[in-house]
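The values are calculated or read from the model by the stated rules, or taken from the named source; none is laboratory data. Keep in mind it's a predicted model, so treat the numbers as computed, not measured. For neighbour counting, all protein chains shown are included, and Cβ atoms are generated from backbone atoms with ideal geometry for every residue, glycine included. Note: areas computed on protein heavy atoms with side chains; ligands, DNA, RNA excluded. Shrake-Rupley method; radii C 1.70, N 1.55, O 1.52, S 1.80 Å.
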Amino acid sequence: MTNRPSTEEYFPYHEQYISLVAEGDVTELLAEQLASTTELLSDIPEARANYRYAEGKWTLKEVIGHISDNERVMAYRLLRAARGDKTPLAGYDQDEFMTAASFQDWSLTQIIEDYISVRKSTLTLLRGLTDEAWLRIGVSNGGNVSARAIAYIIAGHELHHLKIIHERYLTK
């Protein structure tokens, strides 16, 4: 899918993510992101993975875990929209997810493996969509969203957090 979603296909809130995504086929962009993010994360020493840049902020492990958790949620929403399901899907609280997560008990290698598995699953889903499915609209978190928009949100959400990782976790 090479056409960007129109603003009618998603909440204005998600523009912060969609605007970060470069022009091109979003599936290929997500595949490229898988390679570049995996390379970046694989270069981080385990000792750095528990770093948090301020009190109350997530550790690097938690940020990476959050990227995967969010992608799981969004890919499920994308699947439901792409299959024509109009059943309203609830939002989720990322902080509650993090409170219940155990990323601190995982090695950085395990967290990277999880990220890779989630992204590969998303790519398999996207590569199986018809042109019509990309444009279908689902209902999520109280509003309409297209399968196409969700793919862009997944890519942009990761870009948003990678910027934070570069600026706040890998600079010291």
In the stretch 146-156, the residues that are in contact with a Phe, Trp or Tyr (Cβ under 6 Å, 6 or more places away or on another chain) and open to solvent by less than 10 Å² (accessible area, probe 1.4 Å): Ala147, Ala149, Ile153, Gly156
Residue check for Leu126: under 16 Å from Asp25 (Cβ atoms) and in a helix (DSSP H, G or I): yes
Return the residues of the stretch 10-50 that are closer than 16 Å to Leu126 by Cβ, touching a residue at least 60 places away in the same chain (Cβ under 8 Å) and not hydrophobic (A, V, I, L, M, F, W, C); say none if nothing qualifies. Thr27, Gln33
Cβ-Cβ under 7 Å, sequence separation 6+ or interchain: first residue in the stretch 51-79 and without any contact (Cβ under 8 Å) to a residue 24 or more places away in the chain, partner open to solvent by 20 Å² or more (accessible area, probe 1.4 Å) and assigned to a loop (DSSP other than H, G, I, E, B). Which pairs? Arg52/Trp58; Val73/Tyr92
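Look through Ser107, Ser102 and report the one residue that is over 16 Å from Thr37 (Cβ atoms), of a type in the set (Gly, Ala, Ser) and surrounded by 11 or more Cβ atoms within 10 Å (Cβ to Cβ). I'd like the intermediate steps shown before the answer.
Details: Ser102 fails: surrounded by 11 or more Cβ atoms within 10 Å (Cβ to Cβ).
Step by step, each of Ser107, Ser102 is checked, and only Ser107 is over 16 Å from Thr37 (Cβ atoms), of a type in the set (Gly, Ala, Ser) and surrounded by 11 or more Cβ atoms within 10 Å (Cβ to Cβ).
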What is the number of the single condition among (1) among the small types (Gly, Ala, Ser); (2) under 15 Å from the mean Cα position of the chain (by Cα); (3) under 14 Å from Tyr76 (Cα atoms) that Ser117 does not meet? (3)
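To keep it simple, each residue is scored yes or no on (1) modelled with pLDDT under 95; (2) open to solvent by 60 Å² or more (accessible area, probe 1.4 Å); (3) hydrophobic (A, V, I, L, M, F, W, C); (4) at positive phi.
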residue	(1), (2), (3), (4)
Ser6	yes, no, no, no
Glu9	yes, no, no, no
Asp43	yes, yes, no, no
Glu46	yes, yes, no, no
Asp69	no, no, no, no
Ala75	no, no, yes, no
Ala82	no, no, yes, no
